[in-house]
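Take a look at the structure below.
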Amino acid sequence: MDANILIIDDEKDQAEAIAESLRNVGYTCSTAESGNKVVDIIRRDGIDVVITDLIMHDIDGMKILKEIKEKAPDTEVILITGHGTVETAVISMQKGAATYLLKPVNINLLRVAVGKVVEKQNIVRSNIELHKQLEEKFAFAGIVGNSQQMHRIFNILKQIASTTATVLVVGESGTGKELIARAIHYNGPRKNNPFVELNSAAISETLLESELFGHEKGSFTGAAYQRKGKFEYANNGTLFLDEIGDMPLTTQAKLLRVIEDGRIVRIGSNETIKIDVRIIAATNKDLGALVKEGKFREDLYFRFNVICMRLPPLRERQEDVFLLMDTFIKEFSKKNGKKIKDITPEARKILFRYNWPGNVRELKNCIESMIVFNQNGILDINDIPEHIYKSNKTALTGPVFPVGITLEEMEKELMKNTLAYVGGNRGETARILGIGERTLYRKLEKYNLK
Ligand SMILES: Nc1ncnc2c1ncn2[C@@H]1O[C@H](COP(=O)(O)OP(=O)(O)OP(=O)(O)O)[C@@H](O)[C@H]1O
Ligand SMILES: [Mg+2]
């Protein structure tokens, strides 16, 4: 580990001995005989850790500590103390010292102590750095996450935003697919050009094609005016094709042609229009499976699948729950003009354990409703929406099986509860129950639980 350490001791030999023993394990060390201008030295030399004697002739370690914590709080302070002053040393810890060591200094203990302090400092710093980066890079889009999975997503994001490659974003409902799509656009070279969105679901085929490519007046019944399509609006920018899995096959064929040619023809027109559009597609469906079922064109799938970002469901990155929770508490407190001071540990625990079938969106909505209904500024379990609270209670206590019921009844009951707990997700249910999905499927059919 790398760190720049300053040792302050009015006994020069003592300071040098400590410096030498730390240099031997790779630290950069300098020494000073007094605490004069310590903050200047810290700033000039980029000192990470100061080790100071607690009691010296001209200045005392407590004053040095105080000064550093006031003016250079990022620098950690380790105090060295004689037996008579342990009490002061303990007080010094409350005042911000990282730790203290007893005289005579044991070299091994010293190295361990310094190692721990430096390690902690590095973690704090990298967190701050990360947040800065996130805020800089994703502030407008507010993507929050500190799990390994989300870091992977951020890395991919950084790499691909500057390109114009087609991206496929997949993930369950509410995992942040649209958020990611916007982040890709607004972090890339096209950020000053349009981001245009089109949802393929719940829209008729004719309308969808007219939305995509535009149409000429009178090209079909209802086409009273000439109209530009989303491709044209998105020119030089990004077209976000949401719910791509719901796009009809014929439209898929036309879309593929447009992507390959870089040209569109408005419906009812003969004129080709050259376009330069980056496409980001999103779906909560398994496109590979749709291809096998013949519902999605394989060639289009390959086109999209060049870069695939898979957003993990929230239950697979539970460590993000707290972070998101705090983010949304801040956001909705502000929005609703409420002063929410905290959330109780019990409430936190329930939200942490919940399975979040609706992912981040569900968590966001849950926090908003908790804040809206909260009266006393502290979110507690009685603010938690009932279905979430209940599902957790079931999960914690488990179903009760009185003597007298059959194994089959028990199995049915357990399946029903598990299924409810994971919000109807069969894959997850099968995993929890330790059976194959096909077996689960058969049994659900048998018990009429479908
Ligand atoms: N990592 C995140 N950090 C902060 N907010 C998030 C995050 N992920 C999602 N959200 C928020 O959750 C909500 C749902 O996200 P989004 O609309 O992007 O999900 P989606 O995957 O497109 O869902 P659907 O498939 O239902 O359309 C949005 O309000 C979004 O801002
Ligand atoms: Mg969406």
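The values are calculated or read from the model by the stated rules, or taken from the named source; none is laboratory data. As the structure is a prediction and not an experimental result, all values here were calculated from the model. When we count neighbours, we look across all protein chains shown, and the Cβ atoms used for this are built from the backbone with ideal geometry, even at glycine. In case anyone asks, the SASA skips ligands and DNA or RNA and just uses the protein heavy atoms, side chains included. Shrake-Rupley method; radii C 1.70, N 1.55, O 1.52, S 1.80 Å.
Yes/no per residue for (1) basic (K, R); (2) modelled with pLDDT of 85 or more; (3) more than 11 Å from ligand 1 (Cβ to nearest atom); (4) not in a strand (DSSP E or B):
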{"position": "R125", "(1), (2), (3), (4)": "yes, no, yes, yes"}
{"position": "E135", "(1), (2), (3), (4)": "no, no, yes, yes"}
{"position": "G145", "(1), (2), (3), (4)": "no, yes, no, yes"}
{"position": "L168", "(1), (2), (3), (4)": "no, yes, yes, no"}
{"position": "R182", "(1), (2), (3), (4)": "yes, yes, no, yes"}
{"position": "E197", "(1), (2), (3), (4)": "no, yes, no, no"}
{"position": "S219", "(1), (2), (3), (4)": "no, no, yes, yes"}
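Could you identify the single residue in G424, G358 that is at pLDDT below 90 and either open to solvent by 20 Å² or more (accessible area, probe 1.4 Å) or within 16 Å of ligand 2 (Cβ to nearest atom) (or both)? Before you say what the answer is, go through the steps one by one.
Values: G358 fails: at pLDDT below 90.
G424 is the lone residue from the list that is at pLDDT below 90 and either open to solvent by 20 Å² or more (accessible area, probe 1.4 Å) or within 16 Å of ligand 2 (Cβ to nearest atom) (or both).
Hey, does the stretch 183-199 have a residue that's charged (D, E, K, R), within 30 Å of E362 (Cα to Cα) and open to solvent by 10 Å² or more (accessible area, probe 1.4 Å)?
Checked against the condition, which is being charged (D, E, K, R), within 30 Å of E362 (Cα to Cα) and open to solvent by 10 Å² or more (accessible area, probe 1.4 Å), the stretch 183-199 yields at least one hit.
Identify the residue in the stretch 216-236 that is within 30 Å of E293 (Cβ to Cβ) and not basic (K, R) and, among all such residues, is most open to solvent (accessible area, probe 1.4 Å).
Within the stretch 216-236, the match that is most open to solvent (accessible area, probe 1.4 Å) is F220.
Is the stretch 251-269 home to any residue that is on the phi > 0 side of the Ramachandran plot and either within 16 Å of ligand 2 (Cβ to nearest atom) or in contact with a His (Cβ under 7 Å, 6 or more places away or on another chain) (or both)?
yes
Does I203 satisfy being within 16 Å of ligand 2 (Cβ to nearest atom), open to solvent by less than 10 Å² (accessible area, probe 1.4 Å) and either within 21 Å of I259 (Cβ to Cβ) or within 24 Å of the chain's Cα centre (by Cα) (or both)?
No; evaluated as a whole, the condition is false for this residue.
Do you know which residues across the stretch 7-46 are more than 27 Å from E70 (Cβ to Cβ) and open to solvent by 40 Å² or more (accessible area, probe 1.4 Å)?
K12, D13, E16, A17, E20, R23, N24, V25, G26
So is I267 touching a residue at least 24 places away in the same chain (Cβ under 8 Å), more than 23 Å from G218 (Cα to Cα) and of a type in the set (V, I, T) or not? Talk me through it step by step, then tell me what you get.
Working: touching a residue at least 24 places away in the same chain (Cβ under 8 Å): yes; more than 23 Å from G218 (Cα to Cα): no; of a type in the set (V, I, T): yes.
Against the criterion (touching a residue at least 24 places away in the same chain (Cβ under 8 Å), more than 23 Å from G218 (Cα to Cα) and of a type in the set (V, I, T)), I267 does not qualify.
With under 25 Å from T164 (Cβ atoms), within 16 Å of ligand 1 (Cβ to nearest atom) and among the β-branched types (V, I, T) as the only criterion, which of I203, I273, I264, I244 stands out?
Only one candidate qualifies: I244.
So, in the stretch 86-108, exactly how many residues are open to solvent by 50 Å² or more (accessible area, probe 1.4 Å) and aliphatic (A, V, I, L, M)?
Qualifying residue count, the stretch 86-108: 5.
If only one of M415, M370 is over 30 Å from I259 (Cβ atoms), at pLDDT 90 or above and either in a loop (DSSP other than H, G, I, E, B) or more than 16 Å from ligand 2 (Cβ to nearest atom) (or both), which one is it?
M370
Which condition number does V258 fail, the rest of (1) open to solvent by less than 40 Å² (accessible area, probe 1.4 Å); (2) over 15 Å from T206 (Cβ atoms); (3) touching an Asp or Glu at 6+ places or on another chain (Cβ under 8 Å) being met?
Answer for V258: the failing condition is (3).
Modelled with pLDDT of 90 or more and either touching a strand residue (DSSP E or B) at 6+ places or on another chain (Cβ under 9 Å) or away from ligand 1 (no atom under 12 Å from the Cβ) (or both), is that true of S162?
Here the answer is no, as S162 does not meet what is asked.
Where residues in the stretch 276-289 are away from ligand 2 (no atom under 16 Å from the Cβ) and crowded, with 18+ Cβ neighbours inside 10 Å, which of them is farthest from L311 (Cα to Cα)?
V277
So for the stretch 337-349 (the condition being surrounded by fewer than 16 Cβ atoms within 10 Å (Cβ to Cβ), within 16 Å of ligand 1 (Cβ to nearest atom), in a helix (DSSP H, G or I) and not assigned by TED's automatic domain parsing to the domain that holds T175), does at least one residue qualify?
No, the stretch 337-349 contains no residue that is surrounded by fewer than 16 Cβ atoms within 10 Å (Cβ to Cβ), within 16 Å of ligand 1 (Cβ to nearest atom), in a helix (DSSP H, G or I) and not assigned by TED's automatic domain parsing to the domain that holds T175.
Return the pairs, sorted by first residue and then second, in which the second residue is more than 6 Å from ligand 1 (Cβ to nearest atom), the first residue lies in the stretch 171-186 and is not assigned by TED's automatic domain parsing to the domain that holds Q159, the beta carbons are less than 7 Å apart, and the residues are 6+ apart or on different chains.
none
Of the residues that make up the stretch 237-246, is at least one in contact with a Pro (Cβ under 7 Å, 6 or more places away or on another chain) and surrounded by 15 or more Cβ atoms within 10 Å (Cβ to Cβ)?
Yes, the conditions are met somewhere in the stretch 237-246.
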